[in-house]
Each structure stands twice: as C-alpha cells, then as structure tokens.
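First up is the structure itself, then whatever we jot down about it.
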Amino acid sequence: MPGYRRSDLPFSAPCRHARHDCTIVPALAGGLLAESTEQVGITSDMMRAAMGCFVTGVVVITAFSAESPVGMAVNSFVSVSLDPPLVLFCASKTSTTWPHIRRAGHFCANVLTARQEHLARRFAGRGDRYTGVTYAHGATGAPILEGVHAYADCEIVDEHDAGDHTLVIGRVVELHSDPGAAPLLFYRSRYRPLAGP
Ligand SMILES: Cc1cc2nc3c(=O)[nH]c(=O)nc-3n(C[C@H](O)[C@H](O)[C@H](O)COP(=O)(O)O)c2cc1C
C-alpha cells in the first residue's frame with residue numbers, strides 16, 4: 001500500500017507523533033480529521049475482517065449486581081499495568097449487561113479454557129446464563145467460574161468513552177491461574193484450540 005509523508009497531505013492536521021517523520025496511510029490521515037469510520041470509507045465489516053486476524057483469548061466478565069450474578073463474554077480483555085495491577089475490557093454501548101457491572105463497581109475477568117467453549121456461547125447468547133454454572137465468590141463478590149484457566153477479580157477504577165464502546169479499567173485485587181490448562185482462542189470469528197507443537 002502506498003504511503004504518504006506528512007508534507008504530502010492536503011491539510012495541516014498535526015501528526016500525533018510530532019517528533020517523528022511519520023508515514024501516514026490515507027485511512028489514518030483521514031482518521032485525524034474524521035469523526036466516524038464511515039467518513040474514511042472503513043466499514044464495520046472491514047474492521048471485523050481485519051481485526052479478526054488478531055488472535056485473542058475469550059474471557060467471561062462477571063459481577064454480582066443487586067443480589068444476582070451477571071456476565072458477558074468478551075475478547076477485548078487486555079492486561080494494562082503490572083504496578084499498579086490494571087486490566088481493561090471494552091463494553092459495547094448496546095450491552096444490557098454492562099450497566100449492571102458498572103452498578104456493581106467490580107468485575108471478575110474469567111479466562112476460559114479450550115474445554116469451556118460452551119460458556120463462551122452461553123455468555124454471548126440470550127438465554128439464562130448461569131443455569132448449571134458453578135461459581136465461587138471472589139474478594140469483590142464477583143463470580144469466579146469453576147475450572148477457568150485464570151481469573152482477575154477487580155474493582156472498577158476508571159472508564160473511558162471510545163466510539164461505540166466504553167473502556168473499563170479495573171484494579172486487580174485477587175487473581176489466580178492454572179498453568180496446566182489450555183486456552184480457548186478466538187480467531188476470524190471462530191473458536192479454536194491452541195495447536196500443539
Ligand atoms: C468471542 C466474543 C467476543 C466478544 N467480545 C465482546 C467485547 O469485547 N465487548 C462486548 O461488549 N461484547 C462482546 N461480545 C458480545 C457479548 O458477549 C454479547 O453481545 C453481549 O453479552 C450481549 O449481551 P448483553 O446485552 O447481555 O450484554 C463478544 C462475543 C463473543 C462471542
């Protein structure tokens with residue numbers, strides 16, 4: 001794909017890396033000015049197709065809100081900071097679960113194993129999410145799902161508005177991992193196991 005130097009661009013938008021002589025592709029150049037992706041010709045389908053090439057794990061974000069367990073499957077989970085220990089996930093603004101998690105003020109990020117694809121489907125679907133699901137309560141009260149690869153129980157410490165999602169930042173107060181388990185992966189819209197050597 002051809003690149004353009006800053007000086008070639010027909011506008012004077014500042015480069016975010018002002019100290020560098022950045023090469024800016026047209027979509028990014030437009031992004032400096034445009035408010036929505038449609039203005040630079042990038043559709044949601046294009047984003048899904050390209051970003052789907054980035055392999056992720058699958059996490060169930062749980063909380064205990066108004067005496068009930070709630071939860072949703074996400075793949076936008078990221079470790080942010082080691083000291084202090086911070087993680088984040090992105091909640092869609094259309095999510096009906098996120099307002100309950102926000103009200104609880106905490107969440108537990110449950111990292112699923114390759115044997116827990118059914119939980120990923122359950123927590124992304126419309127039916128009752130907790131029937132038959134065994135869990136314990138973490139330090140915050142959030143459900144820790146049985147048999148997960150790892151979990152990070154967190155207090156919500158910050159939120160950032162980001163397009164059609166909200167970035168939710170949690171401070172980890174308790175965590176555990178089972179290094180012997182195998183992870184569930186999500187790649188190009190499909191669940192996959194980790195291929196062996
Ligand atoms: C693999 C996978 C990853 C997902 N990642 C996210 C995510 O990062 N953020 C999000 O808000 N929804 C994500 N979803 C969608 C939610 O799981 C689902 O749409 C949501 O829980 C709908 O239910 P709700 O309205 O109860 O929140 C993902 C779904 C799947 C299957």
Can you tell me the length gained on complete extension of the stretch ALA114 to THR94, counting 0.36 nm per residue apart and subtracting the Cα distance?
4.4 nm
Cβ-derived FRET efficiency at R0 45 Å, TYR191 paired with ALA66, nearest 0.05:
0.90
Would you calculate the separation in nanometres between label points at LEU82 and TYR130, each defined as 7 Å from the Cα along the Cα-to-beta-carbon direction?
3.6
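With r defined as the distance between the Cβ atoms of HIS160 and VAL55 and R0 fixed at 25 Å, what FRET efficiency is calculated, to the nearest 0.05?
For HIS160 and VAL55, the calculated efficiency is 0.55.
By its C-alpha gyration tensor, with a ≥ b ≥ c as the square roots of the eigenvalues, how is the stretch 56-188 shaped: rounded for a/c under 1.5, else prolate for a/b larger than b/c, else oblate? Display every interim value, and only then the final one.
Values: a/c = 1.22, a/b = 1.12, b/c = 1.08.
Cα axes put the stretch 56-188 in the rounded bin.
Given a Förster distance of 30 angstrom, what is the FRET efficiency for MET46 paired with ARG121, based on the Cβ-Cβ distance and rounded to 0.05? Each step should come with its number before you reach the end.
Details: r = 26 Å, r/R0 = 0.86.
Once rounded, the FRET efficiency stands at 0.70.
Bear in mind these aren't lab numbers, they're just calculated from the coordinates by the rules spelled out. All values reported here derive from a predicted model rather than from experimental measurement. Reconstructed Cβ throughout: ideal geometry from the backbone, glycine too, with neighbour counts over all protein chains shown.
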